[in-house]
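The values are calculated or read from the model by the stated rules, or taken from the named source; none is laboratory data. Source: prediction; values computed, not measured. Note that we place each Cβ from the backbone using ideal geometry, even for glycine, and neighbour counts take in every protein chain shown.
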Amino acid sequence: MRYVSTRGQAPVLTFGEAMLTGLARDGGLYVPEAIPALGKEEIAALAGLSYEDAAFRVMRPFVGGAFSDDEFRSAISKAYAGFGHAARAPLVQLAANHFLLELFHGPTLAFKDFAMQLIGQLFQIALQRDGRRVTIVGATSGDTGSAAIEAFRGLDNVDVFILFPHGRVSEVQRRQMTTPSEANVHALALDGTFDDCQSRLKDMFNHFEFRDAVGLAGVNSINWARVLAQVVYYFTSAVSLGAPHRKVSFTVPTGNFGDIFAGYIAKRMGLPIDRLVIATNQNDILHRCMTTGRYEMGGVKPSISPSMDIEISSNFERALFEAYGRDGGAVAQLMAEMKAQGGFAVSQGAMQWLGETFASGRVSEDETRAAIAAERAASGELLCPHSAIGVKVAQDHLGAVPMITLATAHPAKFPDAVEAATGIRPALPPRMADLFTRPERVTRVPNDLAALEAIVHERRAR
Ligand SMILES: *Cc1c(COP(=O)(O)O)cnc(C)c1O
């Protein structure tokens, strides 16, 4: 299995190389050269398997020779052992034809754990095998960073630096990043927005001298291995509702487009997905693009669903690559326009592809709070604000086909918003009840590339 860049100018890599690299050297994102399909019988045979066994069968075709079957099985098994639910990704029913896929039973209570825990195990195997050491730098709007730190804390061959926007993450998110005491964990609070964090991260990757000197590796949602790990729960949930014999639809609370792009991959692999619905908060650049044909930046407004407060939706580039018939030159041109002018127009042909592949909806702050309260009353389910946005948009797209909404975080990760909407303060699971009493360790950093690089150079172990 070979991986190519969405901008067409970077070396073709194996799964292992693409995973360790993250961002391609031409600024693009790695995608598989061809998407393997699972036959109808193979999909049907996933019914009744453990999450781990299903994960092995769904992901194996993408991995090629990068890991042996035994290595890959063992990584999967360790990755999900720390989850707080035996099913890993349980499905609960909200209404007659509406289901909620709970993706928040991992160690940091958000769906990011599914991919990050697996990546941590795979990095460990690959780096030990090669006797290599890497520096992981990640940017986070809250959940990626905590998931990355949880996955890499204490590992031998890795330093992990996480940039998060100072003052713009929830207290639970911040404490999950600042309380681990391992020496290889470095939490950096940047003076700026999440998009600033993501831009500085991209700058570091594009500064090849620095990149090579520190052995920079990326685990942000652009990392192909993360997208791949997220494909699995589309299969397990759809199969439990009758796929491949019955169609299902999905609604996905969306920011960086990684989670919903995994749904698109599942569909391309043969899973009968009817609709893939993008749900955005008031930072609705994706919904506006889907409805107007222009991807146009206008500034991020902080919301009660901070993990979706995004304007540069990195993985959308992968969808554009498909929409433009895998023309890397066309994608590179759009991205150059975005950098120079803050936006670009999507061609008519590409818009048609996007419209046939995805639907979309937007939810305001007031509607988000109302949706949390309404769902509590209707089914008793307490939703985090991101999941509530998904549920609200899904309700506007319900039809004959069963709808699965992805619940991307646990309500206790955003207790203030949930309490304001329902009067109920959700409790943290007992296994992390001491989070608020552990000491914090964090460095405040300016929104400046040179200063950041100096900190990474100085702090990493050699
Ligand atoms: C990351 C995140 C999202 C957005 O997912 P993308 O893959 O970036 O689209 C939504 N909800 C929560 C809780 C998240 O942590």
Exercise for review: Could you identify the single residue in 400, 427 that is farther than 27 Å from residue 162 by Cα and not in a helix (DSSP H, G or I)?
Suggested key: 400
Point to revise | Matching residues in the stretch 83-112 - criterion: being among the hydrophobic types (A, V, I, L, M, F, W, C) and within 17 Å of the chain's Cα centre (by Cα) | key: 89, 101, 103, 104, 109, 110, 111
Review point. Is it the case that residue 163 is within 21 Å of residue 226 (Cα to Cα) and surrounded by fewer than 21 Cβ atoms within 10 Å (Cβ to Cβ)?
Key: no
Check your understanding: Of all residues in the stretch 43-71, which are in contact (Cβ under 8 Å) with a residue 40 or more places away in the chain, farther than 22 Å from residue 314 by Cβ and not aliphatic (A, V, I, L, M)?
Key -> 51, 61, 64, 65, 67, 71
**Study point:** Whichever residue in the stretch 127-173 is charged (D, E, K, R) and either away from the ligand (no atom under 16 Å from the Cβ) or in contact with a strand residue (DSSP E or B) (Cβ under 7 Å, 6 or more places away or on another chain) (or both) and, among such residues, is nearest to residue 213 (Cα to Cα)
**Key:** 133
Review point. Which of the following residues is within 14 Å of the chain's Cα centre (by Cα) and farther than 14 Å from residue 357 by Cβ: 309, 284?
Key: 309
Practice item. Tally the residues that are in a helix (DSSP H, G or I), over 15 Å from residue 15 (Cβ atoms) and under 13 Å from the mean Cα position of the chain (by Cα), restricting the search to the stretch 212-231. Key: 1
Practice item. Could you grab the pairs with beta carbons closer than 8 Å, sequence gap of 6+ or different chains, first residue in the stretch 367-386 and small (Gly, Ala, Ser), second one assigned to a loop (DSSP other than H, G, I, E, B)? Key: 371/363; 371/383
Review point. Of all residues in the stretch 376-394, how many are within 16 Å of the ligand (Cβ to nearest atom) and either under 12 Å from residue 94 (Cβ atoms) or not in a helix (DSSP H, G or I) (or both)?
Key: 10
Revision key, fill the gap. Selection over the stretch 383-436 where residues are closer than 18 Å to residue 369 by Cβ, of a type outside the set (A, V, I, L, M) and surrounded by fewer than 16 Cβ atoms within 10 Å (Cβ to Cβ) yields a count of 5
Exercise for review: Within the stretch 398-407, identify whether any single residue is touching a Gly at 6+ places or on another chain (Cβ under 9 Å) and away from the ligand (no atom under 16 Å from the Cβ), and answer yes or no.
Suggested key: yes
Review point. Does residue 179 count as surrounded by fewer than 23 Cβ atoms within 10 Å (Cβ to Cβ) and hydroxyl-bearing (Ser, Thr, Tyr)?
Key: yes
Check your understanding: Which of the following residues is surrounded by 24 or more Cβ atoms within 10 Å (Cβ to Cβ), modelled with pLDDT under 95 and under 20 Å from the mean Cα position of the chain (by Cα): 147, 115?
Key -> 147
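Yes/no matrix, rows are residues, columns are (1) at pLDDT below 95; (2) within 14 Å of the ligand (Cβ to nearest atom); (3) of a type in the set (A, V, I, L, M); (4) over 28 Å from residue 378 (Cβ atoms):
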position: 410; (1), (2), (3), (4): no, yes, no, no
position: 418; (1), (2), (3), (4): no, yes, yes, no
position: 430; (1), (2), (3), (4): yes, no, no, no
position: 442; (1), (2), (3), (4): no, no, yes, yes
position: 450; (1), (2), (3), (4): no, no, yes, yes
Review point. So residue 318 clears everything in (1) out of contact with any helix residue (DSSP H, G or I) (no Cβ under 9 Å at 6 or more places or on another chain); (2) touching a residue at least 60 places away in the same chain (Cβ under 8 Å); (3) of a type in the set (Lys, Arg) except one condition, right? Which one?
Key: (1)
Practice item. With respect to residue 290, determine if the residue is closer than 19 Å to residue 220 by Cα, crowded, with 19+ Cβ neighbours inside 10 Å and touching a residue at least 12 places away in the same chain (Cβ under 8 Å). Key: no
